[in-house]
1. Pairs 179/262; 17/83; 115/274: which exceed 23 Å Cα-Cα?
2. Assign unit charges at the C-beta atoms only (+1 for Lys and Arg, -1 for Asp and Glu), then state the dipole size of the stretch 70-228 relative to its Cα centre in Debye, rounded to the nearest 20.
3. In nm, what is the difference between 0.36 nm times the number of residues separating residue 279 and residue 192 and their Cα-Cα distance?
4. Relative contact order for the stretch 56-198: what is it in percent, counting Cα pairs under 8 Å that are at least 6 residues apart?
5. What's the extension gain from residue 249 to residue 205 if we count 0.36 nm per residue and subtract their Cα-Cα distance?
6. Which shape class, rounded, prolate or oblate, goes with the stretch 202-271 when its Cα gyration tensor gives a ≥ b ≥ c as root eigenvalues, a/c under 1.5 marks rounded, and past that a/b bigger than b/c marks prolate?
7. Spin-label point model (7 Å from Cα, Cβ direction): what's the residue 13 to residue 124 distance in nm?
8. Enter the accessible area of residue 176 (Å², nearest 10), with the probe set to 1.4 Å and all protein chains included.
Amino acid sequence: GEESSPTKKQVSDHGVKVASHYNRLQEVGLAVRSQSRIFFMRNFNNWLKSVLIGEILEQVRGAGSRQISVLDLGCGKGGDLLKWRRGGISHLVCADMAAVSVEQCQIRYEEMKRKSFVNEKIFTAQFIAADCAKDELSEKLDDPELMFDICSCQFVYHYSFETEQKANMMLRNACERLKPGGFFIGTTPDAYELVKRLEASDSLSFGNKVFKVSFQSKGSYPLFGCQYHFSLEDVVNVPEFLVYFPLFEHMAKRYNMRLVLKQRFSEFFEAKVKKDNHRSLMMKMMALEPFPCEDGGQQATESPEDYCHAQEYCSKSGVKTPVGTLSRSEWEAASIYLVFVFQKMS
Ligand code: SAM
(Lines give C-alpha, C1' and ligand atoms only; values in the text may rest on other atoms or scores of the structure.)
Protein backbone atom coordinates (compact mmCIF):
# COMPACT_ATOMS: atom_id res chain seq x y z
CA GLY A 1 0.00 0.00 0.00
CA GLU A 2 0.79 3.67 -0.22
CA GLU A 3 1.65 3.88 3.45
CA SER A 4 4.24 1.17 3.56
CA SER A 5 6.27 2.07 0.48
CA PRO A 6 8.59 4.60 2.15
CA THR A 7 9.56 1.98 4.72
CA LYS A 8 10.08 -0.62 2.06
CA LYS A 9 12.54 1.61 0.23
CA GLN A 10 14.71 1.84 3.28
CA VAL A 11 15.27 -1.87 3.78
CA SER A 12 18.59 -3.38 2.80
CA ASP A 13 19.11 -6.15 0.27
CA HIS A 14 18.97 -8.76 2.96
CA GLY A 15 15.97 -7.02 4.44
CA VAL A 16 14.23 -7.07 1.07
CA LYS A 17 14.87 -10.79 0.82
CA VAL A 18 13.42 -11.47 4.27
CA ALA A 19 10.42 -9.21 3.79
CA SER A 20 9.52 -10.46 0.34
CA HIS A 21 9.95 -14.01 1.53
CA TYR A 22 7.47 -13.54 4.36
CA ASN A 23 5.14 -11.48 2.20
CA ARG A 24 5.08 -14.28 -0.35
CA LEU A 25 4.12 -16.80 2.32
CA GLN A 26 0.71 -15.13 2.43
CA GLU A 27 -0.14 -16.69 -0.87
CA VAL A 28 0.24 -20.23 0.37
CA GLY A 29 -3.32 -21.46 0.62
CA LEU A 30 -5.02 -23.32 3.40
CA ALA A 31 -5.15 -26.52 1.40
CA VAL A 32 -1.39 -26.60 1.06
CA ARG A 33 -0.83 -25.77 4.70
CA SER A 34 -3.17 -28.44 5.98
CA GLN A 35 -0.99 -31.07 4.33
CA SER A 36 2.08 -29.71 5.99
CA ARG A 37 4.36 -32.13 7.79
CA ILE A 38 5.20 -29.46 10.30
CA PHE A 39 1.79 -28.84 11.79
CA PHE A 40 2.71 -30.59 15.01
CA MET A 41 5.91 -28.68 15.24
CA ARG A 42 4.05 -25.44 14.77
CA ASN A 43 1.63 -26.45 17.47
CA PHE A 44 4.55 -27.30 19.71
CA ASN A 45 6.12 -23.90 19.03
CA ASN A 46 2.77 -22.29 19.73
CA TRP A 47 2.41 -24.18 22.99
CA LEU A 48 5.89 -23.09 24.02
CA LYS A 49 5.18 -19.45 23.19
CA SER A 50 1.85 -19.64 25.06
CA VAL A 51 3.53 -20.95 28.18
CA LEU A 52 6.31 -18.37 27.99
CA ILE A 53 3.91 -15.49 27.40
CA GLY A 54 1.51 -16.73 30.09
CA GLU A 55 4.25 -16.98 32.70
CA ILE A 56 5.70 -13.58 31.93
CA LEU A 57 2.25 -11.99 32.10
CA GLU A 58 1.79 -13.62 35.48
CA GLN A 59 5.05 -12.08 36.69
CA VAL A 60 4.15 -8.65 35.34
CA ARG A 61 0.77 -8.84 37.08
CA GLY A 62 2.41 -10.12 40.24
CA ALA A 63 4.59 -7.00 40.24
CA GLY A 64 1.44 -4.89 40.26
CA SER A 65 0.92 -3.90 36.62
CA ARG A 66 -2.74 -3.55 35.70
CA GLN A 67 -2.70 -2.01 32.23
CA ILE A 68 -0.23 -4.14 30.34
CA SER A 69 1.37 -2.85 27.13
CA VAL A 70 3.24 -5.19 24.82
CA LEU A 71 5.49 -4.76 21.79
CA ASP A 72 5.40 -7.72 19.40
CA LEU A 73 8.65 -7.23 17.48
CA GLY A 74 8.50 -9.16 14.20
CA CYS A 75 4.85 -10.02 14.73
CA GLY A 76 4.43 -11.66 11.32
CA LYS A 77 0.83 -12.40 10.47
CA GLY A 78 -0.15 -12.15 14.12
CA GLY A 79 0.21 -15.74 15.23
CA ASP A 80 0.33 -14.57 18.84
CA LEU A 81 -2.73 -12.29 18.81
CA LEU A 82 -4.88 -14.88 20.56
CA LYS A 83 -2.23 -15.34 23.23
CA TRP A 84 -2.33 -11.61 24.02
CA ARG A 85 -6.11 -11.73 24.06
CA ARG A 86 -6.11 -14.66 26.43
CA GLY A 87 -3.57 -12.81 28.55
CA GLY A 88 -5.91 -9.85 28.92
CA ILE A 89 -3.40 -7.16 27.98
CA SER A 90 -4.49 -3.54 27.37
CA HIS A 91 -2.39 -2.42 24.43
CA LEU A 92 -0.34 -4.10 21.72
CA VAL A 93 2.09 -2.65 19.20
CA CYS A 94 2.78 -4.99 16.30
CA ALA A 95 5.81 -4.32 14.10
CA ASP A 96 7.23 -6.23 11.17
CA MET A 97 9.22 -5.42 8.06
CA ALA A 98 6.95 -7.53 5.84
CA ALA A 99 4.21 -5.01 5.05
CA VAL A 100 1.77 -7.63 3.76
CA SER A 101 2.14 -9.62 6.98
CA VAL A 102 1.46 -6.53 9.07
CA GLU A 103 -1.65 -5.84 7.01
CA GLN A 104 -2.84 -9.39 7.53
CA CYS A 105 -2.08 -9.13 11.23
CA GLN A 106 -4.25 -6.04 11.42
CA ILE A 107 -7.09 -7.72 9.56
CA ARG A 108 -6.94 -10.63 11.99
CA TYR A 109 -7.00 -8.24 14.89
CA GLU A 110 -10.06 -6.41 13.54
CA GLU A 111 -11.77 -9.73 12.98
CA MET A 112 -10.93 -10.85 16.49
CA LYS A 113 -12.44 -7.66 17.85
CA ARG A 114 -15.58 -8.06 15.78
CA LYS A 115 -16.06 -11.63 16.95
CA SER A 116 -15.31 -10.95 20.61
CA PHE A 117 -17.78 -11.54 23.44
CA VAL A 118 -20.19 -8.80 24.41
CA ASN A 119 -18.44 -7.90 27.67
CA GLU A 120 -14.95 -8.70 26.53
CA LYS A 121 -12.54 -5.80 26.43
CA ILE A 122 -10.06 -6.47 23.62
CA PHE A 123 -6.75 -4.61 23.77
CA THR A 124 -6.16 -1.57 21.60
CA ALA A 125 -3.45 -1.93 18.97
CA GLN A 126 -1.09 -0.17 16.59
CA PHE A 127 0.46 -1.76 13.52
CA ILE A 128 3.79 -0.66 12.10
CA ALA A 129 5.51 -1.81 8.92
CA ALA A 130 9.19 -1.13 9.49
CA ASP A 131 12.62 -2.67 9.38
CA CYS A 132 13.23 -2.86 13.10
CA ALA A 133 16.94 -3.48 12.56
CA LYS A 134 17.20 -0.07 10.87
CA ASP A 135 14.41 2.25 11.91
CA GLU A 136 13.75 3.63 15.32
CA LEU A 137 10.37 2.33 16.39
CA SER A 138 9.80 4.85 19.13
CA GLU A 139 9.49 7.57 16.49
CA LYS A 140 6.60 5.72 14.92
CA LEU A 141 4.52 5.20 18.03
CA ASP A 142 1.09 6.87 18.08
CA ASP A 143 1.69 7.62 21.72
CA PRO A 144 5.24 8.96 22.02
CA GLU A 145 5.14 8.45 25.79
CA LEU A 146 4.21 4.78 25.61
CA MET A 147 6.27 2.39 27.71
CA PHE A 148 6.05 -1.40 27.49
CA ASP A 149 5.78 -4.09 30.11
CA ILE A 150 6.92 -6.73 27.65
CA CYS A 151 8.68 -6.94 24.30
CA SER A 152 8.10 -10.28 22.62
CA CYS A 153 10.43 -11.21 19.76
CA GLN A 154 9.50 -14.68 18.55
CA PHE A 155 11.71 -16.35 15.93
CA VAL A 156 12.96 -12.95 14.74
CA TYR A 157 16.09 -11.69 16.48
CA HIS A 158 18.52 -13.85 14.48
CA TYR A 159 17.69 -11.98 11.30
CA SER A 160 19.33 -8.90 12.75
CA PHE A 161 22.70 -10.48 13.49
CA GLU A 162 23.90 -9.58 10.02
CA THR A 163 25.83 -6.60 11.37
CA GLU A 164 26.54 -5.18 14.80
CA GLN A 165 24.59 -2.06 13.88
CA LYS A 166 21.48 -4.01 12.97
CA ALA A 167 21.64 -6.33 15.96
CA ASN A 168 22.03 -3.29 18.15
CA MET A 169 19.15 -1.38 16.59
CA MET A 170 16.83 -4.36 16.98
CA LEU A 171 17.91 -4.68 20.59
CA ARG A 172 17.42 -0.99 21.14
CA ASN A 173 13.89 -1.19 19.70
CA ALA A 174 13.19 -4.15 21.95
CA CYS A 175 14.50 -2.63 25.16
CA GLU A 176 14.63 1.13 25.21
CA ARG A 177 10.94 1.65 25.89
CA LEU A 178 10.63 -1.08 28.49
CA LYS A 179 9.48 -0.05 31.95
CA PRO A 180 11.90 -0.82 34.78
CA GLY A 181 11.28 -4.46 35.65
CA GLY A 182 9.85 -5.05 32.16
CA PHE A 183 10.72 -8.15 30.12
CA PHE A 184 12.30 -8.83 26.74
CA ILE A 185 11.34 -12.39 25.78
CA GLY A 186 11.93 -14.42 22.68
CA THR A 187 12.91 -17.51 20.79
CA THR A 188 15.88 -17.90 18.46
CA PRO A 189 18.07 -20.69 17.12
CA ASP A 190 20.84 -21.85 19.43
CA ALA A 191 24.14 -21.12 17.66
CA TYR A 192 25.95 -23.83 19.69
CA GLU A 193 23.46 -26.42 18.52
CA LEU A 194 23.70 -25.33 14.89
CA VAL A 195 27.49 -25.34 14.89
CA LYS A 196 27.61 -28.65 16.74
CA ARG A 197 25.42 -30.29 14.11
CA LEU A 198 27.33 -28.64 11.28
CA GLU A 199 30.65 -29.85 12.66
CA ALA A 200 29.23 -33.36 13.01
CA SER A 201 28.09 -33.38 9.41
CA ASP A 202 30.47 -34.37 6.61
CA SER A 203 29.12 -31.65 4.36
CA LEU A 204 28.15 -28.01 4.74
CA SER A 205 24.57 -28.84 5.61
CA PHE A 206 22.44 -31.00 7.86
CA GLY A 207 18.78 -31.74 8.34
CA ASN A 208 16.10 -34.20 7.38
CA LYS A 209 12.90 -34.36 5.34
CA VAL A 210 11.41 -31.55 7.38
CA PHE A 211 14.22 -29.01 7.56
CA LYS A 212 17.62 -28.22 6.17
CA VAL A 213 20.33 -25.89 7.39
CA SER A 214 23.16 -24.97 4.99
CA PHE A 215 26.28 -22.98 5.69
CA GLN A 216 28.78 -21.58 3.19
CA SER A 217 31.81 -22.71 5.14
CA LYS A 218 32.74 -24.13 8.47
CA GLY A 219 35.56 -24.01 11.00
CA SER A 220 35.37 -20.34 11.79
CA TYR A 221 32.34 -18.32 12.71
CA PRO A 222 32.35 -14.54 12.70
CA LEU A 223 30.44 -12.83 15.50
CA PHE A 224 28.18 -11.00 13.06
CA GLY A 225 27.08 -11.89 9.55
CA CYS A 226 27.65 -15.62 10.00
CA GLN A 227 25.02 -16.56 7.50
CA TYR A 228 23.24 -19.85 6.95
CA HIS A 229 20.11 -20.85 5.12
CA PHE A 230 17.27 -22.45 6.98
CA SER A 231 14.55 -24.17 5.02
CA LEU A 232 11.52 -25.80 6.56
CA GLU A 233 9.73 -28.22 4.29
CA ASP A 234 11.38 -26.36 1.42
CA VAL A 235 9.19 -23.40 2.31
CA VAL A 236 11.19 -21.08 4.49
CA ASN A 237 14.43 -20.57 2.68
CA VAL A 238 15.76 -17.34 3.89
CA PRO A 239 19.17 -16.27 5.11
CA GLU A 240 19.59 -16.18 8.89
CA PHE A 241 22.56 -15.38 11.09
CA LEU A 242 24.15 -17.11 14.05
CA VAL A 243 23.45 -15.37 17.33
CA TYR A 244 26.41 -15.90 19.61
CA PHE A 245 24.53 -15.76 22.87
CA PRO A 246 27.25 -14.45 25.20
CA LEU A 247 27.61 -11.49 22.82
CA PHE A 248 23.84 -10.95 22.75
CA GLU A 249 23.82 -10.99 26.54
CA HIS A 250 26.71 -8.56 26.66
CA MET A 251 25.06 -6.17 24.17
CA ALA A 252 21.84 -6.26 26.17
CA LYS A 253 23.65 -4.87 29.20
CA ARG A 254 23.90 -1.58 27.33
CA TYR A 255 20.13 -1.33 27.78
CA ASN A 256 20.29 -2.31 31.42
CA MET A 257 18.99 -5.78 30.65
CA ARG A 258 19.79 -8.76 32.83
CA LEU A 259 19.44 -12.30 31.52
CA VAL A 260 17.00 -14.23 33.72
CA LEU A 261 16.39 -17.32 31.62
CA LYS A 262 18.02 -19.06 28.69
CA GLN A 263 16.85 -22.56 27.93
CA ARG A 264 16.91 -24.87 24.98
CA PHE A 265 13.39 -25.81 23.84
CA SER A 266 13.93 -29.33 25.12
CA GLU A 267 14.88 -28.06 28.59
CA PHE A 268 12.00 -25.62 28.65
CA PHE A 269 9.62 -28.37 27.62
CA GLU A 270 10.95 -30.70 30.30
CA ALA A 271 10.56 -28.07 32.97
CA LYS A 272 7.12 -26.84 31.98
CA VAL A 273 5.31 -29.96 30.94
CA LYS A 274 5.51 -31.14 34.54
CA LYS A 275 3.07 -28.44 35.53
CA ASP A 276 -0.50 -29.68 35.23
CA ASN A 277 -1.92 -26.58 33.62
CA HIS A 278 0.81 -26.49 30.98
CA ARG A 279 0.40 -30.17 30.32
CA SER A 280 -3.29 -29.92 29.67
CA LEU A 281 -2.74 -26.98 27.33
CA MET A 282 -0.11 -29.06 25.57
CA MET A 283 -2.58 -31.95 25.22
CA LYS A 284 -5.11 -29.60 23.69
CA MET A 285 -2.65 -27.96 21.36
CA MET A 286 -1.02 -31.17 20.26
CA ALA A 287 -4.16 -33.30 20.15
CA LEU A 288 -4.22 -35.68 17.23
CA GLU A 289 -7.69 -34.55 16.25
CA PRO A 290 -7.60 -31.61 13.89
CA PHE A 291 -7.23 -28.63 16.15
CA PRO A 292 -7.63 -25.19 14.65
CA CYS A 293 -4.32 -23.40 14.46
CA GLU A 294 -4.13 -19.76 15.34
CA ASP A 295 -3.75 -18.84 11.73
CA GLY A 296 -7.06 -20.47 10.89
CA GLY A 297 -5.53 -23.60 9.40
CA GLN A 298 -6.05 -27.11 10.68
CA GLN A 299 -3.53 -29.54 11.96
CA ALA A 300 -2.86 -32.41 9.64
CA THR A 301 -3.29 -35.95 10.85
CA GLU A 302 -0.28 -37.68 9.38
CA SER A 303 0.55 -41.35 9.46
CA PRO A 304 0.70 -42.41 13.11
CA GLU A 305 3.96 -44.32 12.54
CA ASP A 306 5.76 -41.11 11.83
CA TYR A 307 4.86 -39.78 15.24
CA CYS A 308 6.01 -42.89 17.01
CA HIS A 309 9.60 -42.09 16.06
CA ALA A 310 9.49 -39.19 18.44
CA GLN A 311 9.05 -41.51 21.39
CA GLU A 312 12.03 -43.58 20.37
CA TYR A 313 14.30 -40.67 19.55
CA CYS A 314 13.49 -38.74 22.65
CA SER A 315 13.90 -41.67 24.99
CA LYS A 316 17.31 -42.34 23.45
CA SER A 317 18.39 -38.76 23.83
CA GLY A 318 16.90 -38.59 27.30
CA VAL A 319 14.22 -36.10 26.37
CA LYS A 320 10.60 -36.90 26.94
CA THR A 321 8.59 -36.61 23.78
CA PRO A 322 5.92 -33.96 23.45
CA VAL A 323 3.07 -36.42 24.01
CA GLY A 324 4.31 -38.54 21.15
CA THR A 325 2.94 -36.33 18.45
CA LEU A 326 6.06 -34.66 17.17
CA SER A 327 7.84 -36.78 14.62
CA ARG A 328 11.54 -37.38 15.06
CA SER A 329 12.20 -35.05 12.16
CA GLU A 330 10.10 -32.32 13.64
CA TRP A 331 11.73 -32.74 17.03
CA GLU A 332 15.17 -32.45 15.46
CA ALA A 333 14.09 -29.14 13.95
CA ALA A 334 12.32 -27.82 17.05
CA SER A 335 15.22 -28.66 19.34
CA ILE A 336 17.50 -26.19 17.55
CA TYR A 337 15.80 -23.29 19.25
CA LEU A 338 16.16 -21.66 22.63
CA VAL A 339 14.02 -19.44 24.82
CA PHE A 340 15.37 -16.28 26.41
CA VAL A 341 14.05 -13.86 29.01
CA PHE A 342 15.79 -10.58 29.86
CA GLN A 343 14.57 -8.19 32.51
CA LYS A 344 15.17 -4.47 32.68
CA MET A 345 16.83 -3.50 35.91
CA SER A 346 15.29 -0.55 37.66
N1 SAM B 1 6.82 -13.66 15.47
C2 SAM B 1 6.00 -14.34 14.49
C3 SAM B 1 5.66 -15.73 15.00
O4 SAM B 1 6.21 -16.16 16.01
O5 SAM B 1 4.82 -16.39 14.39
C6 SAM B 1 6.68 -14.41 13.11
C7 SAM B 1 8.00 -15.13 13.06
S8 SAM B 1 8.68 -15.27 11.43
C9 SAM B 1 9.62 -16.73 11.58
C10 SAM B 1 9.92 -14.03 11.35
C11 SAM B 1 9.38 -12.62 11.16
O12 SAM B 1 10.42 -11.67 11.41
C13 SAM B 1 8.88 -12.34 9.75
O14 SAM B 1 7.57 -11.88 9.79
C15 SAM B 1 9.86 -11.27 9.24
O16 SAM B 1 9.28 -10.36 8.33
C17 SAM B 1 10.25 -10.60 10.54
N18 SAM B 1 11.51 -9.85 10.47
C19 SAM B 1 12.74 -10.29 10.13
N20 SAM B 1 13.64 -9.30 10.18
C21 SAM B 1 12.97 -8.19 10.57
C22 SAM B 1 13.34 -6.84 10.80
N23 SAM B 1 14.60 -6.43 10.60
N24 SAM B 1 12.39 -5.95 11.18
C25 SAM B 1 11.11 -6.36 11.36
N26 SAM B 1 10.69 -7.62 11.16
C27 SAM B 1 11.61 -8.52 10.77
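The values are calculated or read from the model by the stated rules, or taken from the named source; none is laboratory data. Keep in mind it's a predicted model, so treat the numbers as computed, not measured. Reconstructed Cβ throughout: ideal geometry from the backbone, glycine too, with neighbour counts over all protein chains shown. These area figures cover heavy atoms from the full protein model, side chains too; ligands, DNA and RNA do not enter into them. Shrake-Rupley method; radii C 1.70, N 1.55, O 1.52, S 1.80 Å.
1. Those over the limit are 17/83; 115/274.
2. 620 debye
3. Gain on stretching residue 279 to residue 192: 28.5 nm.
4. Relative contact order here is 25 percent.
5. Value of the extension gain: 13.1 nm.
6. Since a/c reaches 1.5 but b/c is at least a/b, the shape of the stretch 202-271 is classed as oblate.
7. 4.3 nm
8. Solvent-accessible area, nearest 10 Å²: 60 Å².
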